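Enquirer: Dropping a structure here in structure tokens format, bear with me for questions.
The values are calculated or read from the model by the stated rules, or taken from the named source; none is laboratory data. For clarity, every value in this text was computed on a predicted model and none was experimentally measured. When we count neighbours, we look across all protein chains shown, and the Cβ atoms used for this are built from the backbone with ideal geometry, even at glycine.
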Amino acid sequence: MASNNVSEVAALITEIICNLNGSTLQAQLKRAAQKEVEKPTVTSATLKSDIISSLKTSGWEKILRNEIYKQINCIPKCFDSSIPFECQKEPLMYMRKAQANWEKRILKSMNSMCTELSIPLARKRPADEQRDLLHKWNEMGTDEPDLSHFRPVYAPKDFLEVISSVRNPNYRSLYGHESEEYPEVCSEHWGLIQVPLEVPKLTELQAKFSEFCSSLPQGGIDDSVDAPTESFQNERNRIARRVLDEKRGVLAQHFCRRGCPSGNRAEMWQLALGVTVDHLAILKYDQLKGYVLQHDLLVDSLIYKDVKLTSVNDDYYFVFEDYLYQVLLVFSRDTTVLDHFVHSSASPPKSYIRGKLGLEEFSVIYPPNGVIPFHGFSMYATPLCYLYSEPIRLYYMFREMYTRYFHRLHSISSHPQGIISLCLLFESTLQSTHPRLFRHLQEIGCQPLKIAFKWLVRAFSGYLATEQLLLLWDRIIGYGSLLILPLLAVAIFLFRQSNLLLITSASGVEGSLADITTLHVVPLLQLILFPT
Amino acid sequence: CTMSKNLRIGRSYQKKLAGDHRIIRFRCALNNTIGDVLKQRPGWVESKEGEDWDFYWCDIGWLRENFDHIYMEEHVRICHFRNHFELTRKNLMVKNLKRLKKQLERESKSESAKCDFFPMTYELPSEYHIFVEEFKKNPGTVWIMKPIAKSQGKGIFLFRRLKDIIDWKKEGYRANNEERKEETKDVETYIVQRYLGNPYLIGGKKFDLRIYVLVTSYVPLKAWLYRDGFARFSNARFTLDSIDDSYVHLTNVAVQKTAPDYDPEKGCKWSLQQLRHYLTAKHGYETVANVYQQMNEIFIKSLQSVQKIIINDKHCFELYGYDILLDSNLKLWLLEVNASPSLTASNQEDYDLKVGLLEDTLNIIDMEGSLTGNEKRVGNFDLMWNDGPVYAEDGSTDALGGPSYATNTYLGCHNDRKRQLNQLFRSLQNKKTAAG
Ligand SMILES: Nc1ncnc2c1ncn2[C@@H]1O[C@H](COP(=O)(O)OP(=O)(O)O)[C@@H](O)[C@H]1O
Ligand SMILES: [Mg+2]
């Protein structure tokens, strides 16, 4: 066990060093070291220690630490080069298959839309169109293209159908039947998810989310907008300031666990996620913007449509429309997003140059970032518009949130943070904490997951009041975990239980849980994690 | 309709009874939300053309022509003060504010600094020469010209060069000279004002705030602040490059309505509550509390600037619509005060807001005589000034969900109008039955 750990750490270090090799940071460090060497006071005897201490005092050491911390967070835990690549992406074969089929389906749907509407996947814009677009880059929302023929490639509802039909072919129930034939009778899980994945038990979750313990003051209870407790508020502001001055990612992330004071959240998240917006990042953004100007992609229309259907329709979020295009269109061109597929079960979709269907050498990844937006996708970015009013900073924060967390919410995998595990955690926790409620809902034909799924897929974006959502995302970042999502979903059911137990129709349940904007997330999470 | 001289208004009031109280005969000059609210109010009936009345939601034109020729009984109420324009005409408002500022300067610097909430403004043509001097001192500044007698963004334009305004002046004189032959009218008066070039932007969009203040008396000054109001966004992104594009610069709903991509259902509005949440999420609670404190300063100082000038009359009350702009330093600027804020609703939410606003106005005017007169909150109105600042009671039910402000104002805070009204009227009822 111990040696296993050591070899894991060794592999991790190798991986990080490999990643740092040739990076800008490495060049910057080199330059800083060189400067030190050129100083007349340097002697060869103390050279090494002089350089190290100068890197410390000039702040480079901190930047290096932050970068390493970020990498530790992003590299999958059990990295082992002896395991084949596809198994590292997803160890279970039936999951791999299910994901591959799902990808095929999405791609087919997109391609058939192309054929139906006879529009190409990509089209070079004529020069005058490029000029127009550049001119109104900051106000793309004033454009009202006719999108009536476009439909979202898929909606969360379709995706739920797919993941609830995933089965392990080797898995037989205690009764010796294929579990598929008698799911209701045979399964000890009453829910829709019928794959045997391990999900954490409540005691494990309590240990993991120990900061929720109600004896600790919490951002989201003790600083509620309308009636803050002054001492807690002041204390948190003071610590937040110190953390930000320290510039240490690890501290910032830890700080988020108990909620960020509103005024510091933007900076705190950025530090916690190690997102820096330097001149290179700005150049990169401009380059991507150039790609948007040059080519019109079909996914652009899908993005437009999605923003119009979700944010613009919202009487709160409509203000951010222009920002969303500036983020999402650029995102679709960003090939660095492809890196996240290394540790995801998903693979980027491929399209073929016209007439060369199926010929690998004529395949291109489409869209360039490998992510096909679905109905509600833009809601991953919308809440961030609350925090970042500079489009470029907003962009990099969104990209980081997506590649770290949100991509897991719409791919099929056995990953503990994957949507299937989250759904299973939701169902099993609800079943074990309130079996009577679960049974009741089932009997009136309303599987709880059918309600909760849309919350989970969007990480609750658009369902909670924004301040509440930000408090929830504080915790996602703080714990580096999406497990908080199903816990909140269960808590909502428990909180409304007395009402739900009286309802006798599925539509009634839907109605009673349609509006959750008045809920306060932190007390709810305490309710489920540390019931008193 | 021709009113004979010194017509008595509200005479046969005593005779009619409707349940608990007298029937209230109202007239209404506007055919929008206020009409609906008056018609639906229990015990109120609309009086026909030429009939006597007790309550009139009149327009300012009627007021000008008739006010001096009528005699109103004690209980009669109308919705404007005789010379409201001292506050609601752009040039006079600035004149009065400048005067107050001067007065306060003699007392203390810090008090007079509290009046620094209006952009540098001059009246044209009368102050043309002072303006030109000021103009030369501030090269590169953008200026905004507004006709004092128009509203809803009409006649407004921006300029940078003195030449623009000289051309305008010539044209203006010419046009007016032609008119003068028939009508002997003066040159149209404008104000010229420093254009606030660094507005606070949300989603890249400019917005201004509409906030409602009800004054029930000037001597002593008694003013109420409505919790709800809205931020109006301009549809297009803000940039100073397109100086001619008035859609970007003017945030009046009336202007936005003619914008080609205006969506009436959406209305380009945020409620004050939504705005407060946004600002808090971004800047933190304390910063936002400071912004709202500036707001109080604006209301009180502007009302005080006209307190001695407005002809106080116990028959009159007025519901003002304040236009306020927030800049990127989180400083607030008073643009103008409207005597007849638009009561036309742009969508359902807006309708609900305005119905609540008007119902609560009528609740405070209290023709029915239900209140004790000591209330600090009625519906969404909080009493903010009663011959002096009104302080929030600590631990009162009003403070539930509201921050413990020193002053009794809860702009953009949690509001539960219906519940508060229910509680209020129930407790009044209880007192009555206990007494009787
Ligand atoms: N000094 C100024 N700086 C920036 N914008 C202004 C200024 N004055 C007016 N505006 C814009 O023009 C709009 C109309 O001005 P306002 O003074 O309210 O006149 P109106 O009577 O036509 O409504 C305001 O809502 C605001 O958006
Ligand atoms: Mg106005």
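Residues are listed down the side, and each one gets a yes or a no for (1) more than 16 Å from ligand 2 (Cβ to nearest atom); (2) modelled with pLDDT of 95 or more; (3) away from chain A (no Cβ under 14 Å); (4) in a strand (DSSP E or B):
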{"position": "B:N177", "(1), (2), (3), (4)": "yes, no, yes, no"}
{"position": "B:D186", "(1), (2), (3), (4)": "yes, no, yes, no"}
{"position": "B:V213", "(1), (2), (3), (4)": "no, yes, yes, yes"}
{"position": "B:A223", "(1), (2), (3), (4)": "yes, yes, yes, yes"}
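Enquirer: Still on this structure, please answer the following. Criterion first (surrounded by 21 or more Cβ atoms within 10 Å (Cβ to Cβ), among the β-branched types (V, I, T) and in a strand (DSSP E or B)) does B:I310 satisfy it?
Expert: no
Enquirer: Those residues that are modelled with pLDDT of 90 or more and aliphatic (A, V, I, L, M), I need them from segment A:338-375; list them, please.
Expert: Listed by number, the residues that qualify are A:L338, A:A346, A:I365, A:V371, A:I372.
Enquirer: Going by the structure shown, is A:P486 of a type outside the set (A, V, I, L, M), in a helix (DSSP H, G or I) and either more than 13 Å from A:F426 (Cα to Cα) or free of Cβ contacts under 8 Å to residues at least 24 places away in the same chain (or both)?
Expert: no
Enquirer: Scanning for something free of Cβ contacts under 8 Å to residues at least 12 places away in the same chain and either in a helix (DSSP H, G or I) or not small (G, A, S) (or both), does segment A:59-71 turn up at least one residue?
Expert: yes
Enquirer: Here's a follow-up. In segment B:316-369, which residue that is within 16 Å of ligand 2 (Cβ to nearest atom) and part of a loop (DSSP other than H, G, I, E, B) is nearest to the other protein chains (Cβ to nearest Cβ)?
Expert: The residue in question is B:S346.
Enquirer: If the requirement is being closer than 24 Å to A:T142 by Cβ, within 14 Å of chain B (Cβ to nearest Cβ) and outside any loop (DSSP other than H, G, I, E, B), which of these qualifies: A:V307, A:V330?
Expert: Only one candidate passes the filter, namely A:V307.
Enquirer: Let me spell it out: the conditions are (1) in a helix (DSSP H, G or I); (2) among the hydroxyl-bearing types (S, T, Y); (3) closer than 29 Å to A:V312 by Cα; (4) within 16 Å of ligand 2 (Cβ to nearest atom), and B:S302 meets all of them except one. Which number is the exception?
Expert: (3)
Enquirer: Could you please give the count of residues in segment B:343-355 that are under 16 Å from B:D208 (Cβ atoms) and free of Cβ contacts under 8 Å to residues at least 12 places away in the same chain?
Expert: 0
Enquirer: Which pairs turn up if I take residues in segment B:325-342 that are under 15 Å from B:D116 (Cβ atoms) and within 12 Å of ligand 1 (Cβ to nearest atom) and look for partners that are at pLDDT 95 or above and of a type in the set (S, T, N, Q) with beta carbon separation below 7 Å, at least 6 apart in sequence or on another chain?
Expert: What qualifies is B:L334/B:S302.
Enquirer: Inspect segment A:114-135 for any residue being more than 14 Å from chain B (Cβ to nearest Cβ), modelled with pLDDT under 90 and in contact with a Cys (Cβ under 8 Å, 6 or more places away or on another chain) and give the result as yes or no.
Expert: Yes, that holds for at least one residue.
Enquirer: Within segment B:46-53, identify whether any single residue is in contact with a helix residue (DSSP H, G or I) (Cβ under 8 Å, 6 or more places away or on another chain) and not in a helix (DSSP H, G or I), and answer yes or no.
Expert: Pass one, segment B:46-53, residues in contact with a helix residue (DSSP H, G or I) (Cβ under 8 Å, 6 or more places away or on another chain): B:46, B:52.
So of that shortlist, the ones also not in a helix (DSSP H, G or I) come out as B:46, B:52.
Checked against the condition, which is being in contact with a helix residue (DSSP H, G or I) (Cβ under 8 Å, 6 or more places away or on another chain) and not in a helix (DSSP H, G or I), segment B:46-53 yields at least one hit.
Enquirer: Which members of segment B:279-299 meet the condition of being away from every other protein chain (no Cβ under 14 Å) and surrounded by 21 or more Cβ atoms within 10 Å (Cβ to Cβ)?
Expert: Let us first name the residues in segment B:279-299 that are away from every other protein chain (no Cβ under 14 Å), namely B:293-299.
The answer is B:M295, B:I298, B:F299.
Enquirer: Within segment B:294-316, is even one residue over 26 Å from B:N198 (Cα atoms), within 13 Å of the chain's Cα centre (by Cα) and more than 16 Å from ligand 1 (Cβ to nearest atom)?
Expert: The answer is yes; a qualifying residue exists.
Enquirer: While we're on this one: Do you know which residues across segment A:455-492 are among the β-branched types (V, I, T) and under 23 Å from A:T532 (Cβ atoms)? I'd like the intermediate steps shown before the answer.
Expert: As a first pass, look at segment A:455-492 and keep what is among the β-branched types (V, I, T): A:457, A:466, A:476-477, A:484, A:490, A:492.
A:I484, A:V490, A:I492 - these are the residues of segment A:455-492 that are among the β-branched types (V, I, T) and under 23 Å from A:T532 (Cβ atoms).
Enquirer: Output yes when any residue across segment A:353-364 is closer than 18 Å to A:A155 by Cα, away from chain B (no Cβ under 14 Å) and of a type outside the set (K, R), and no when none is. Full working, then the answer.
Expert: Of the residues in segment A:353-364, the ones closer than 18 Å to A:A155 by Cα are none.
For segment A:353-364, residues closer than 18 Å to A:A155 by Cα, away from chain B (no Cβ under 14 Å) and of a type outside the set (K, R): absent.
Enquirer: From the list A:S301, A:S347, exactly one residue is in a helix (DSSP H, G or I), away from chain B (no Cβ under 14 Å) and among the hydroxyl-bearing types (S, T, Y). Which is it?
Expert: Sole residue among the options that is in a helix (DSSP H, G or I), away from chain B (no Cβ under 14 Å) and among the hydroxyl-bearing types (S, T, Y): A:S301.
Enquirer: Moving on. Those residues that are assigned to a strand (DSSP E or B) and among the charged types (D, E, K, R), I need them from segment B:370-391; list them, please.
Expert: Within segment B:370-391, B:R377, B:D382 qualify.
Enquirer: A further question follows. Taking B:D327 as meeting all but one of (1) surrounded by 17 or more Cβ atoms within 10 Å (Cβ to Cβ); (2) at pLDDT 90 or above, write down the number of the exception.
Expert: Going through (1) surrounded by 17 or more Cβ atoms within 10 Å (Cβ to Cβ); (2) at pLDDT 90 or above one by one, B:D327 breaks only (1).
Enquirer: Here are B:I156, B:I166: which of them is without any contact (Cβ under 8 Å) to a residue 40 or more places away in the chain and β-branched (V, I, T)?
Expert: B:I166
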